[in-house]
1. Checking the condition closer than 20 Å to Lys252 by Cα, β-branched (Val, Ile, Thr) and modelled with pLDDT of 95 or more, which residue from Thr156, Thr180 passes?
2. What residue, of Arg140, Arg73, is within 18 Å of Val274 (Cβ to Cβ), touching a Pro at 6+ places or on another chain (Cβ under 9 Å) and in contact (Cβ under 8 Å) with a residue 40 or more places away in the chain?
3. Limited to region 502-517, what total is found for residues that are among the charged types (D, E, K, R) and either open to solvent by less than 40 Å² (accessible area, probe 1.4 Å) or on the phi > 0 side of the Ramachandran plot (or both)?
4. Looking at region 443-460, which of the residues that are closer than 21 Å to Arg282 by Cα and in contact (Cβ under 8 Å) with a residue 12 or more places away in the chain is farthest from the chain's Cα centre (by Cα)?
5. Has region 343-357 got at least one residue that is surrounded by 21 or more Cβ atoms within 10 Å (Cβ to Cβ) and either part of a helix (DSSP H, G or I) or hydroxyl-bearing (Ser, Thr, Tyr) (or both)?
6. Report yes if some residue within region 100-107 is in contact with a helix residue (DSSP H, G or I) (Cβ under 7 Å, 6 or more places away or on another chain) and buried (at least 24 other Cβ atoms within 10 Å of the Cβ); otherwise report no.
7. Failed condition for His123, given (1) part of a helix (DSSP H, G or I); (2) at pLDDT 95 or above; (3) in contact with a Gly (Cβ under 8 Å, 6 or more places away or on another chain), with all others met?
8. Among Lys393, Lys446, Lys457, which is the only one that is within 26 Å of Thr493 (Cα to Cα) and touching a strand residue (DSSP E or B) at 6+ places or on another chain (Cβ under 8 Å)?
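The values are calculated or read from the model by the stated rules, or taken from the named source; none is laboratory data. Please read all numbers here as calculations on a predicted model, not as lab measurements. For neighbour counting, all protein chains shown are included, and Cβ atoms are generated from backbone atoms with ideal geometry for every residue, glycine included. Ligands, DNA and RNA are stripped out before the accessible areas are found, and what is left, the full protein with its side chains, is counted by its heavy atoms. Shrake-Rupley method; radii C 1.70, N 1.55, O 1.52, S 1.80 Å.
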Amino acid sequence: MELMESPGTMPLAQTRRRSAARILLPALAAMLSTLTTGPVGTAATAVAAPSPPAPVAGPVAAPEGQQKWKVPRLAVMPLGDSITWGAGSSTGNGYRIALRDKLAPHADTLQFVGSVRTNGADHEGHSGWLISGLSENIERWLPEAGPNVVLLHIGTNDMDLNNDVDGAPARLGRLIDQITRSAPDMTLLVSSLVPSQHAEVQRRVEKFNAEVPRLVAERRNKGFKVGYVDMSAVTPGDLKDRLHPNDSGYAKMANAFYEGLARAAGSGFVRERVDIKPAPHREAPLGDYEVDISADGKADYLVVEDDGSVHAYVNKGGDGHGTWTDRGIIATGTGAPGNKVRFADINNDGKADYLVLEDNGSVHAWTNNGGDGQGSWDDQGIIATGTGAPASKVRFADINGDRKADYLVLEDNGSVHAWTNNGGDGHGSWDDQGIIATGTGAPASKVRFADINGDRKADYLVLQDNGAVHVWTNNGGDGNGSWIDQGLLVTRTPEPGTSIRFADINGDGRADHLVVHDNGAIDVLVNPGGDGRGTWADYGRIATGAAPGYRVRI
């Protein structure tokens, strides 16, 4: 993925799924003693049928030519990876255009919806994505697109990459639950995976597929409009490569999804309009300070995954307008989850280090030894044992201008207790400076720390609800705190689904005003210099986004 010049979406894709066959809404699934999940030509895997849900009205779907169902509106969201996108098909449309043609006579209005457009048919097919990638974005995509039907085919890349295969059904279940929570009346058709030509991957696919009917039945028994689509009609002979269907395979997928949707419509599942909840706003954890991994003075764009691994895009835009070099994965994680990871320079070498902040406020540090921004880390062990304050109150910032991040405890009332960093080697040695700020009346959730005037000392900033930023510059050279009220220095009307951060993006030593959107895009107002009272230059969008905003550190 790239940020400015050619933003990406995520890793490249691969995919597969078991095309065709028909939807077994859990009521129908319950009528069967077993479900055949293996592809034609291989030994079928029999699984016990789930306990029967409440009966679903309507007959089993008639042959295609005899079906007379019709609904006022279909807004269909194909959801998945590169198979949903159409990789391997001669037209690049996959199953989508064939399915659209089959559905057209059965709806007064028909549209395919999603944030991705391929040959005029919108969708949410994202090449290379895992189940987790859809989970990170689905709550945003649904209200933006407004579907009343979702067709879900996901898990191929999890199987291909051997990504916690045993846990994959649970991840799929959580994704299904996200969709039903966001839109309880949504018609959601969940398919089994098409096969793989690779023997080991195929074994994983079969194991995964055996769990899908159960996942669907559990949700259907709770009253949700969730149905199962069996893709076992797609065989290894219907694949273009070891993962992706060819045209015949995609035709079978279109048939399977069509029959599933016909059955759902015949059962009264499809509502013309579905209420979809707005996406919840999520923010990155607070506490980072000067996220510069290459020591060039400019803040870099990092994506922190749930497992603590870090993908880095190094800031090469000297004028602050943004141009980014993809360094790939610079840290593979330490076993701590991503929400415990912070970045700050603790040893005065100009490079942000990797810190794990435990719940009790203790800090485990890995100092950054990768001068080129590629990442090389030295384990310094526990550099702070905590002060009794929980991690939620801990911030890192350089308050005395010695270029080493200090340990701050920000109380609920905005007061600040500081321990200055006296450990030049990064091993940690802390001097208790006591209370260096008594607060301004603003709660801790509104307080940020950033160097606004370029004197190397972190200033005290308060974000107001109307977007204004009130600044008290740090005049306490010894770290004991002395603050000068600069008043309101920048005003920008906040947008829904955004968070405000401060970082030096042009290397002039002064923190700029950043708006980070939920999709990871960043807009910037550049700090004019001096006391920050000048006109803040609007540089517009400097990054188009590489991950959800709550995963971005900068």
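1. Working: Thr180 fails: closer than 20 Å to Lys252 by Cα.
Of Thr156, Thr180, the one residue that is closer than 20 Å to Lys252 by Cα, β-branched (Val, Ile, Thr) and modelled with pLDDT of 95 or more is Thr156.
2. Testing whether each residue is within 18 Å of Val274 (Cβ to Cβ), touching a Pro at 6+ places or on another chain (Cβ under 9 Å) and in contact (Cβ under 8 Å) with a residue 40 or more places away in the chain leaves just Arg140.
3. Total meeting the criteria: 2.
4. Selected residue: Pro443.
5. Taking every residue of region 343-357 in turn, at least one turns out to be surrounded by 21 or more Cβ atoms within 10 Å (Cβ to Cβ) and either part of a helix (DSSP H, G or I) or hydroxyl-bearing (Ser, Thr, Tyr) (or both).
6. No, region 100-107 has no match at all.
7. Every listed condition holds for His123 apart from (1).
8. Lys446
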